[in-house]
């Protein structure tokens with residue numbers, strides 16, 4: 001087990017537009033007080049981990065979540081790489097709109113497709129397929145080599161960028177991916193073998209309970 005890499009994935013805590021039920025996408029919105037509490041809670045769950053490197057997106061809500069996690073775990077000196085490849089999916093023309101009002105305008109079924117389907121793009125935006133197409137090459141180039149060396153890596157990103165990655169790690173089909181939801185502030189742990197395969201997975205809270 002000690003030769004396996006450990007990958008911890010964390011979806012950022014609640015942002016102000018999460019609270020306001022708005023489509024956020026690439027809009028740079030900070031965490032709420034509840035989101036900060038979620039980030040700190042994730043840090044408490046990760047206190048026994050010593051990370052070799054951390055990765056996050058170019059968006060402040062993910063960067064803030066990572067900062068709080070590293071402060072709580074006493075690891076503010078961990079090297080951090082920030083890249084837009086890990087950004088949330090771009091919601092295009094929907095960014096800033098209230099989700100309920102958008103459902104009233106376009107219909108619940110259409111909005112559900114925009115939010116949860118694999119390859120349906122919102123107007124002017126990205127599908128999950130598009131998001132996965134930038135996340136996976138970045139993962140394979142920058143993160144996976146560290147895991148194959150047995151390193152411990154923390155990735156703090158977004159619901160859809162993480163869904164795209166988990167889809168590959170867990171071999172989830174295009175048909176089943178709409179059902180996958182990644183909760184905010186809940187560390188998801190993977191053991192990765194030298195071939196890059198996930199051999200064990202689980203949410204830390206669930207593992208500890």
For the structure I just gave you, tell me whether residue 89 is modelled with pLDDT under 95 and crowded, with 20+ Cβ neighbours inside 10 Å.
no
Among 28, 48, 77, the single one that is assigned to a loop (DSSP other than H, G, I, E, B), at pLDDT below 95 and out of contact with any strand residue (DSSP E or B) (no Cβ under 9 Å at 6 or more places or on another chain) is 48
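Yes/no per residue for (1) under 26 Å from residue 59 (Cα atoms); (2) in contact (Cβ under 8 Å) with a residue 12 or more places away in the chain:
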position	(1), (2)
96	yes, yes
114	yes, yes
141	yes, no
196	no, yes
Here is a list: 137, 145. Which entry is at pLDDT 95 or above, over 16 Å from the mean Cα position of the chain (by Cα), farther than 12 Å from residue 8 by Cα and assigned to a helix (DSSP H, G or I)?
145
From (1) within 23 Å of residue 84 (Cβ to Cβ); (2) without any contact (Cβ under 8 Å) to a residue 40 or more places away in the chain; (3) not in a loop (DSSP other than H, G, I, E, B), pick out the condition that doesn't hold for residue 58.
(3)
Taking the conditions exactly as written (surrounded by 22 or more Cβ atoms within 10 Å (Cβ to Cβ) and either in contact (Cβ under 8 Å) with a residue 60 or more places away in the chain or over 30 Å from residue 197 (Cα atoms) (or both)), does residue 15 satisfy them or not?
yes
Yes/no for residue 162 being modelled with pLDDT under 95, part of a helix (DSSP H, G or I) and either touching a strand residue (DSSP E or B) at 6+ places or on another chain (Cβ under 9 Å) or loosely packed, with under 12 Cβ neighbours inside 10 Å (or both)
no
Would a scan of region 105-112 turn up a residue that is closer than 30 Å to residue 141 by Cα and either more than 14 Å from the chain's Cα centre (by Cα) or in a helix (DSSP H, G or I) (or both)?
no
Residue 1 is checked against (1) in contact with a strand residue (DSSP E or B) (Cβ under 9 Å, 6 or more places away or on another chain); (2) modelled with pLDDT of 95 or more; (3) assigned to a loop (DSSP other than H, G, I, E, B); (4) farther than 30 Å from residue 129 by Cα and fails just one. What number does that condition carry?
(2)
Being at pLDDT 95 or above, farther than 13 Å from residue 167 by Cβ and crowded, with 16+ Cβ neighbours inside 10 Å is the filter here; which residues of region 115-129 pass it?
121, 122, 125, 126
Name, by its number, the condition in (1) touching a strand residue (DSSP E or B) at 6+ places or on another chain (Cβ under 6 Å); (2) outside any loop (DSSP other than H, G, I, E, B); (3) surrounded by fewer than 21 Cβ atoms within 10 Å (Cβ to Cβ) that does not hold for residue 186.
(2)
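The values are calculated or read from the model by the stated rules, or taken from the named source; none is laboratory data. Quick caveat: nothing in here was measured; it's all calculated off a predicted structure. Backbone-built Cβ (ideal geometry, glycine too); neighbour counts: all protein chains shown.
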